[in-house]
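Visitor: Mind looking over this structure? Questions follow.
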């Protein structure tokens, strides 16, 4: 089964063709850089760029793979969560294409795509397992009993982990997006330079909270001048990052141990973080738990993961009607 995937949930425009849920035949992604000067995503700019890029990317994909109603078996498209304007661009394009080619249409939850991103990188990933989805807009813990069968175990009570990274990067004058920059500076820093607070919850509560550490960094830097920030930039980044990594790993490991599962997968933009990857492997190995991370190109938003999810749903006989609408706050389960 070959599925065309379309992803336009935020500021990436992506088109891909995936075979049997795990083999990428063609993929193209355009990442917007226009938002850096504003310190965050501007929805109006994002949706306008989606309009400009969706057709050229489709044509590029068509040049790389012979797209036609005879060479693909369905169209999968993100319909939420995300920015309403951006979502509508991809959704309407997918509807028109599926209707014109008389192919089945399937709407995909963007978060489900991040789970399937692991399968694109390693075919040995298989349910049941625990999945940590962590990005700029989401942080949640999911039990995956089968492809397309999910139970949300917990989520953040306030900010997403990626959002905390971006806010702290702004406080340090590193610009947007800040996650990669903090990760790079932290490599040369002391993780025990300053102890930022770690949010803890009762046993059996697989929850996250990052507003506290974000506020703590702001208060710590309040009376520090630029010279201090520059001198200890790596140390501050490393201390902050160590705190976030601890808050991500502990609930995830606890969930895996409590549910008797020996496999954990991580998805989303923050899954590219080098310290998270290193620490997760170290901690999990103590319990005989294997941790999977997607390739870096599949950590960020992409259409291959949407096509992969679409493949499994279409194989189960699921279809979406043409009245499918964009849902900005779509829950996973």
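The values are calculated or read from the model by the stated rules, or taken from the named source; none is laboratory data. The shown structure was predicted, so the numbers you read here are calculated from the model rather than taken from an experiment. Note that we place each Cβ from the backbone using ideal geometry, even for glycine, and neighbour counts take in every protein chain shown.
Visitor: Among the residues of region 219-229, is any in the same structural domain as residue 163 (by TED's automatic domain parsing), closer than 28 Å to residue 16 by Cβ, touching a helix residue (DSSP H, G or I) at 6+ places or on another chain (Cβ under 7 Å) and in contact (Cβ under 8 Å) with a residue 12 or more places away in the chain?
Guide: Within region 219-229, none of the residues are in the same structural domain as residue 163 (by TED's automatic domain parsing), closer than 28 Å to residue 16 by Cβ, touching a helix residue (DSSP H, G or I) at 6+ places or on another chain (Cβ under 7 Å) and in contact (Cβ under 8 Å) with a residue 12 or more places away in the chain.
Visitor: One residue is enough: does region 55-66 have a residue meeting the conditions over 16 Å from residue 101 (Cα atoms), under 18 Å from the mean Cα position of the chain (by Cα) and touching a residue at least 40 places away in the same chain (Cβ under 8 Å)?
Guide: No - not one qualifying residue is present in region 55-66.
Visitor: Now, a different point. Condition test on residue 304, is it surrounded by 23 or more Cβ atoms within 10 Å (Cβ to Cβ) and part of a helix (DSSP H, G or I)?
Guide: yes
Visitor: Another question about this same structure. Identify, by number, the condition in (1) on the phi > 0 side of the Ramachandran plot; (2) without any contact (Cβ under 8 Å) to a residue 12 or more places away in the chain that residue 102 doesn't meet.
Guide: Checking residue 102 against (1) on the phi > 0 side of the Ramachandran plot; (2) without any contact (Cβ under 8 Å) to a residue 12 or more places away in the chain, the one that fails is (2).
Visitor: Which ones in region 191-223 are surrounded by 15 or more Cβ atoms within 10 Å (Cβ to Cβ) and over 30 Å from residue 143 (Cα atoms)?
Guide: Once the filter is applied, which keeps residues that are surrounded by 15 or more Cβ atoms within 10 Å (Cβ to Cβ) and over 30 Å from residue 143 (Cα atoms), region 191-223 yields 191, 193, 194, 215, 216, 217, 220, 221.
Visitor: Listed residues 36, 64; which is surrounded by fewer than 19 Cβ atoms within 10 Å (Cβ to Cβ), touching a strand residue (DSSP E or B) at 6+ places or on another chain (Cβ under 8 Å) and over 28 Å from residue 321 (Cβ atoms)?
Guide: From the options 36, 64, the qualifying one is 64.
Visitor: Go through region 173-187 and report how many residues are under 21 Å from residue 225 (Cβ atoms) and either loosely packed, with under 15 Cβ neighbours inside 10 Å or outside the structural domain of residue 210 (by TED's automatic domain parsing) (or both).
Guide: So the answer is 2.
Visitor: Considering only region 173-180, I want to know if a residue exists there that is in contact with a helix residue (DSSP H, G or I) (Cβ under 6 Å, 6 or more places away or on another chain) and at pLDDT 95 or above.
Guide: So far as region 173-180 goes, no, none of its residues is in contact with a helix residue (DSSP H, G or I) (Cβ under 6 Å, 6 or more places away or on another chain) and at pLDDT 95 or above.
Visitor: Scan region 29-41 residue by residue and report those that are under 28 Å from residue 116 (Cα atoms) and without any contact (Cβ under 8 Å) to a residue 60 or more places away in the chain.
Guide: Answer for region 29-41, where residues must be under 28 Å from residue 116 (Cα atoms) and without any contact (Cβ under 8 Å) to a residue 60 or more places away in the chain: 30, 32, 33, 41.
Visitor: Out of all the residues in region 183-195, is one or more under 18 Å from the mean Cα position of the chain (by Cα) and over 21 Å from residue 257 (Cα atoms)?
Guide: yes
Visitor: Can you find a residue in region 259-278 that is in contact with a helix residue (DSSP H, G or I) (Cβ under 7 Å, 6 or more places away or on another chain) and in the same structural domain as residue 103 (by TED's automatic domain parsing)?
Guide: no
Visitor: Follow-up question, since we're still on this one. Kindly indicate whether residue 7 is in contact with a strand residue (DSSP E or B) (Cβ under 8 Å, 6 or more places away or on another chain) and crowded, with 24+ Cβ neighbours inside 10 Å.
Guide: For residue 7, the condition - in contact with a strand residue (DSSP E or B) (Cβ under 8 Å, 6 or more places away or on another chain) and crowded, with 24+ Cβ neighbours inside 10 Å - is met.
Visitor: Next up: What residue, of 18, 42, 55, 29, is more than 20 Å from residue 176 (Cα to Cα), surrounded by 15 or more Cβ atoms within 10 Å (Cβ to Cβ) and not assigned by TED's automatic domain parsing to the domain that holds residue 169?
Guide: 18
Visitor: Specify which of the listed residues (257, 276) is in a helix (DSSP H, G or I), in contact (Cβ under 8 Å) with a residue 24 or more places away in the chain and closer than 25 Å to residue 172 by Cβ.
Guide: The conditions single out 276.
Visitor: crowded, with 23+ Cβ neighbours inside 10 Å, more than 15 Å from the chain's Cα centre (by Cα) and either closer than 27 Å to residue 192 by Cα or assigned by TED's automatic domain parsing to the domain that holds residue 184 (or both): which single residue out of 241, 282, 286 fits that description?
Guide: The conditions single out 241.
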